[in-house]
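A.B. asks: Structure below; questions to follow.
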Amino acid sequence: MSIQPQLAVVPRQSPAVGVRVADQIVRALRDAGVTTIFGVPGGAISALYDALLDEPRIKVVNSRHESSAVFAAAAHARLTGTVGVVLATSGPGVTNAITGIASCFCDGLPVVMIGGEVPRRTFGRGALQEGSPYNLNIVAMVKHVTKWATEITGPDAAVSTIRKAMATANSGRRGPVFVSLPLDVQGAATTVPRMAVNVESKFEVDRSTLYAVVNQLSAAQRPMLLAGSGCRWDRGPAALRAVAERFQLPVATTPKAKGVFPETHPLSMGIFGLGGHPSATEYVEGGIDVLIAVGTSFGDLATNGWSDKLKPSRSFIQIDIDSSQIGRNYPVDLGLIGSAGALLTALETLAPPVISIRRRHPPRRTLTNPEEAIGGEKIKPQRVLWELQQVMPGSTLYLSDVGDHTVFGLHYLTLDQPDAFQLSLGLAAMGSSLGAAIGCKLADPERPVVTICGDGTLEMSGLDIADAAKLGLNVIYLVMNDGRYGMVENGHQTIFGRTPDFKLTTDVGEMAKGLGARVFQIDKPGDLLALGAGPLLRNEGPVVLDVRIDPNERPPRTARLAGLKDAAAGFPVNAAVTPP
């Protein structure tokens, strides 16, 4: 891999002095294609907010919390293919955002965060909210969860640093970048540099390696293609489908990649890992001779706890844009470094004209039929998800938060569009989906957006609904309300045979009304079908569906829970194994 920045500095026709750095940065962001900026204002970032008043082509969204702003920017970036931009003030403004930044780092999402800083003349003197190297050292704090973290130390370096930050976030394996910007630098006046910048990431794979992969796939008797979330970018989904059909490869996806391959396609076996489908698990347990994995880091949630069954008997092929992922968790026979779209297109181009139809594989299926899950007085999670998809348009974008509802959503939603599902599972931060829904709706205002979350999520991050109301966004929040932290209680009960009391007492409906949402209560099977999509899709701000689910219904079991149980019970650890 080679990353080749090409920088041309064009001489000025006539010198100009006195343009404020804050205004220069806003223009640089506008020229980079930024149309929406998320953030929380404060004194140390105030000059940049002032400059944005003079740029009507950039919409400024003020969030209630800095991490929510990052989640919104990341979701906006994922849907539009651009770079998300976040503004925050110094000190707690940046530390509040670290969960969001770390989530982007784990999920490979391109976000540039510009954090204000106290004036340079006050560095080391105990200024309010100082994050300079002489106090909190914010840059050092965030460098471990960013691709690049830096401070703009002088006015003349401001524009070039912002341009480099945007390019870095969006090149190679995408990820977050942090720029610290002292207030006196924002307000300084300097000449305006005229620049032309082009940054390209080039990946070259030896043609003989590509032919080796083609030969392995052509000769395989029991192959599988495991698609990860790295397939979502660029031309990945179309190339993925083309390769699967050309080689007649059964396809399973990781949880984060749900929908990147159409789940109603004859070659789809569904998800392997968290919330996975028995069709995929049975096929893997039956033995694989050739596995081609694309855009996945093989974390525990994507592998059923690093299952040995994923090791093929003949050839393990891994494609990833990040070279550090190749062979990290499983020994690899053929490793290809580059974007999923480009490499899959190359493989499809080199494939022989005819691939014989292989033996049958199990089509995607769920553990229970959600349409028939109507027993008991309360509605079951799988049933409400089925009713939801019956009433919502096929173009709906679904987001999932983190909890038991994550597993239900992964398992029971059926999605065919590659951009129809978002889940921040790298860090698995509860509350991430509420801010992300705002970013999605702003990116595509005409598309229905549904966030699936729990009542615990609402208590943690419910103020995001107030942001949606202020913006007039018709976001639908489906709250699976069981009056407790269900995933935590169920985990404790399974591991220890008892559980602390994690009950939640907030009235979901009253809280949602107070935040400016319209509320509909769903109690039993058929309620959502009877309600229909009409009231939900009226362009009258956010909607909260307070779904009183059956608290006794358990999601599909996961290998992670078994691993936690072993660890809590003092299961012996192999001391010879060290983290990668």
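The values are calculated or read from the model by the stated rules, or taken from the named source; none is laboratory data. Nothing here was measured: the structure is a model prediction, and the numbers come from that model. Every residue, glycine among them, receives a Cβ derived from its backbone with ideal geometry; neighbour counts consider all protein chains shown.
A.B. asks: For residue 172, only one of the following conditions fails: (1) under 19 Å from residue 49 (Cβ atoms); (2) in contact with a strand residue (DSSP E or B) (Cβ under 9 Å, 6 or more places away or on another chain). What is its number?
C.D. replies: Failing condition for residue 172: (1).
A.B. asks: Please work out if residue 499 is surrounded by fewer than 19 Cβ atoms within 10 Å (Cβ to Cβ), out of contact with any Pro (no Cβ under 6 Å at 6 or more places or on another chain), within 23 Å of residue 433 (Cβ to Cβ) and hydroxyl-bearing (Ser, Thr, Tyr).
C.D. replies: Against the criterion (surrounded by fewer than 19 Cβ atoms within 10 Å (Cβ to Cβ), out of contact with any Pro (no Cβ under 6 Å at 6 or more places or on another chain), within 23 Å of residue 433 (Cβ to Cβ) and hydroxyl-bearing (Ser, Thr, Tyr)), residue 499 does not qualify.
A.B. asks: Enumerate the pairs (first residue in segment 174-194 and at negative phi and hydroxyl-bearing (Ser, Thr, Tyr); second residue anywhere and part of a strand (DSSP E or B) and surrounded by 23 or more Cβ atoms within 10 Å (Cβ to Cβ)) with beta-carbon separation below 6 Å, excluding pairs fewer than 6 apart on the same chain, so at least 6 apart or on different chains.
C.D. replies: Between residues of segment 174-194 that are at negative phi and hydroxyl-bearing (Ser, Thr, Tyr) and residues that are part of a strand (DSSP E or B) and surrounded by 23 or more Cβ atoms within 10 Å (Cβ to Cβ), the close pairs are 180/115; 180/117.
A.B. asks: Go through the residues of segment 113-120 one by one and say whether even a single one is in a strand (DSSP E or B), surrounded by 19 or more Cβ atoms within 10 Å (Cβ to Cβ) and aliphatic (A, V, I, L, M).
C.D. replies: There is at least one residue in segment 113-120 that is in a strand (DSSP E or B), surrounded by 19 or more Cβ atoms within 10 Å (Cβ to Cβ) and aliphatic (A, V, I, L, M).
A.B. asks: Take the residues in segment 431-450 that are modelled with pLDDT of 95 or more and assigned to a loop (DSSP other than H, G, I, E, B); name whichever of them is nearest to residue 536 (Cα to Cα).
C.D. replies: 448
A.B. asks: Counting just the residues of segment 457-485 that are closer than 24 Å to residue 531 by Cβ and of a type in the set (Gly, Ala, Ser), which one comes out modelled with the lowest pLDDT?
C.D. replies: The residue in question is 483.
A.B. asks: Same structure again: What number of residues in segment 280-314 are within 24 Å of the chain's Cα centre (by Cα), closer than 20 Å to residue 212 by Cβ and of a type in the set (A, V, I, L, M, F, W, C)?
C.D. replies: Residues meeting the conditions: 3.
A.B. asks: Further question on the same structure: When the residues of segment 451-462 are filtered to those that are closer than 19 Å to residue 408 by Cβ and outside any helix (DSSP H, G or I), which remaining residue is farthest from the chain's Cα centre (by Cα)?
C.D. replies: Here the residue is 454.
A.B. asks: Wholly within segment 1-104, which helices (runs of 4 or more DSSP H) include no fewer than the required count, namely at least 3 residues that are surrounded by fewer than 24 Cβ atoms within 10 Å (Cβ to Cβ) and at pLDDT 95 or above?
C.D. replies: 21-31, 46-52
A.B. asks: Can you name the residue in segment 253-279 that is of a type outside the set (S, T, N, Q) and within 27 Å of residue 170 (Cα to Cα) and, of all such residues, is nearest to the chain's Cα centre (by Cα)?
C.D. replies: 256
A.B. asks: Right, here's the next one. Go through (1) touching a helix residue (DSSP H, G or I) at 6+ places or on another chain (Cβ under 7 Å); (2) modelled with pLDDT of 95 or more; (3) not in a loop (DSSP other than H, G, I, E, B) one by one and return the number of the condition residue 260 breaks.
C.D. replies: The failed condition is (3).
A.B. asks: As an exercise: evaluate residue 393 against (1) in the same structural domain as residue 531 (by TED's automatic domain parsing); (2) without any contact (Cβ under 8 Å) to a residue 40 or more places away in the chain; (3) surrounded by fewer than 16 Cβ atoms within 10 Å (Cβ to Cβ) and give the number of the one condition it does not meet.
C.D. replies: (2)
A.B. asks: To continue, here is another question. Can you find a residue in segment 162-175 that is of a type in the set (Val, Ile, Thr) and either surrounded by fewer than 16 Cβ atoms within 10 Å (Cβ to Cβ) or at pLDDT below 95 (or both)?
C.D. replies: Within segment 162-175, not a single residue is of a type in the set (Val, Ile, Thr) and either surrounded by fewer than 16 Cβ atoms within 10 Å (Cβ to Cβ) or at pLDDT below 95 (or both).
A.B. asks: Read through the list (1) at pLDDT below 90; (2) in contact with a strand residue (DSSP E or B) (Cβ under 9 Å, 6 or more places away or on another chain), then give the number of the only condition that residue 496 fails.
C.D. replies: (2)
A.B. asks: Separate question: List, please: which pairs have Cβ atoms under 6 Å, are six or more places apart or on different chains, and start with a residue in segment 418-429 that is crowded, with 24+ Cβ neighbours inside 10 Å and end with one that is among the acidic types (Asp, Glu)?
C.D. replies: If the second residue must be among the acidic types (Asp, Glu), the pairs left are 424/107.
A.B. asks: Identify, from the list 173, 163, the residue that is closer than 26 Å to residue 426 by Cα and outside the structural domain of residue 418 (by TED's automatic domain parsing).
C.D. replies: The match here is 173.
A.B. asks: Something else: Condition check: surrounded by fewer than 17 Cβ atoms within 10 Å (Cβ to Cβ) and either over 20 Å from residue 382 (Cβ atoms) or assigned by TED's automatic domain parsing to the domain that holds residue 340 (or both). Does residue 312 satisfy that?
C.D. replies: Criteria not met by residue 312.
A.B. asks: Can you tell me which residue within segment 374-398, out of those that are in contact with a strand residue (DSSP E or B) (Cβ under 8 Å, 6 or more places away or on another chain) and assigned to a loop (DSSP other than H, G, I, E, B), is farthest from residue 257 (Cα to Cα)?
C.D. replies: 378
A.B. asks: So, residue 128, is that one part of a loop (DSSP other than H, G, I, E, B) and of a type outside the set (D, E, K, R) or not?
C.D. replies: yes
A.B. asks: Moving on to the next point. Quick check: anything in segment 358-376 in contact (Cβ under 8 Å) with a residue 12 or more places away in the chain, out of contact with any helix residue (DSSP H, G or I) (no Cβ under 7 Å at 6 or more places or on another chain) and farther than 25 Å from residue 250 by Cβ?
C.D. replies: Checking segment 358-376: at least one residue is in contact (Cβ under 8 Å) with a residue 12 or more places away in the chain, out of contact with any helix residue (DSSP H, G or I) (no Cβ under 7 Å at 6 or more places or on another chain) and farther than 25 Å from residue 250 by Cβ.
A.B. asks: Kindly check whether there is at least one residue in segment 348-363 that is more than 18 Å from residue 212 (Cβ to Cβ) and under 26 Å from the mean Cα position of the chain (by Cα).
C.D. replies: For segment 348-363, residues more than 18 Å from residue 212 (Cβ to Cβ) and under 26 Å from the mean Cα position of the chain (by Cα): absent.
A.B. asks: Continuing with this model, one more query. So residue 335 fits all but one of (1) touching a residue at least 12 places away in the same chain (Cβ under 8 Å); (2) surrounded by fewer than 18 Cβ atoms within 10 Å (Cβ to Cβ); (3) in a loop (DSSP other than H, G, I, E, B); (4) over 24 Å from the mean Cα position of the chain (by Cα); what number is the exception?
C.D. replies: (3)
To keep it simple, each residue is scored yes or no on (1) in contact (Cβ under 8 Å) with a residue 60 or more places away in the chain; (2) out of contact with any Lys or Arg (no Cβ under 6 Å at 6 or more places or on another chain).
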{"position": "468", "(1), (2)": "yes, yes"}
{"position": "471", "(1), (2)": "yes, yes"}
{"position": "476", "(1), (2)": "yes, yes"}
{"position": "481", "(1), (2)": "yes, no"}
{"position": "493", "(1), (2)": "no, yes"}
{"position": "497", "(1), (2)": "no, yes"}
{"position": "501", "(1), (2)": "no, yes"}
{"position": "505", "(1), (2)": "no, yes"}
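A.B. asks: Out of segment 299-312, which residues are more than 17 Å from residue 249 (Cβ to Cβ) and assigned to a loop (DSSP other than H, G, I, E, B)?
C.D. replies: 299, 303, 304, 305, 306, 307, 311
A.B. asks: For segment 267-298, give me each residue that is surrounded by 20 or more Cβ atoms within 10 Å (Cβ to Cβ) and assigned to a loop (DSSP other than H, G, I, E, B).
C.D. replies: Those that are surrounded by 20 or more Cβ atoms within 10 Å (Cβ to Cβ) and assigned to a loop (DSSP other than H, G, I, E, B): 272, 273, 274, 275, 276, 277, 288, 295, 296, 297, 298.
A.B. asks: When you look at residue 146, is it buried (at least 18 other Cβ atoms within 10 Å of the Cβ) and not aliphatic (A, V, I, L, M), yes or no?
C.D. replies: Yes, satisfied.
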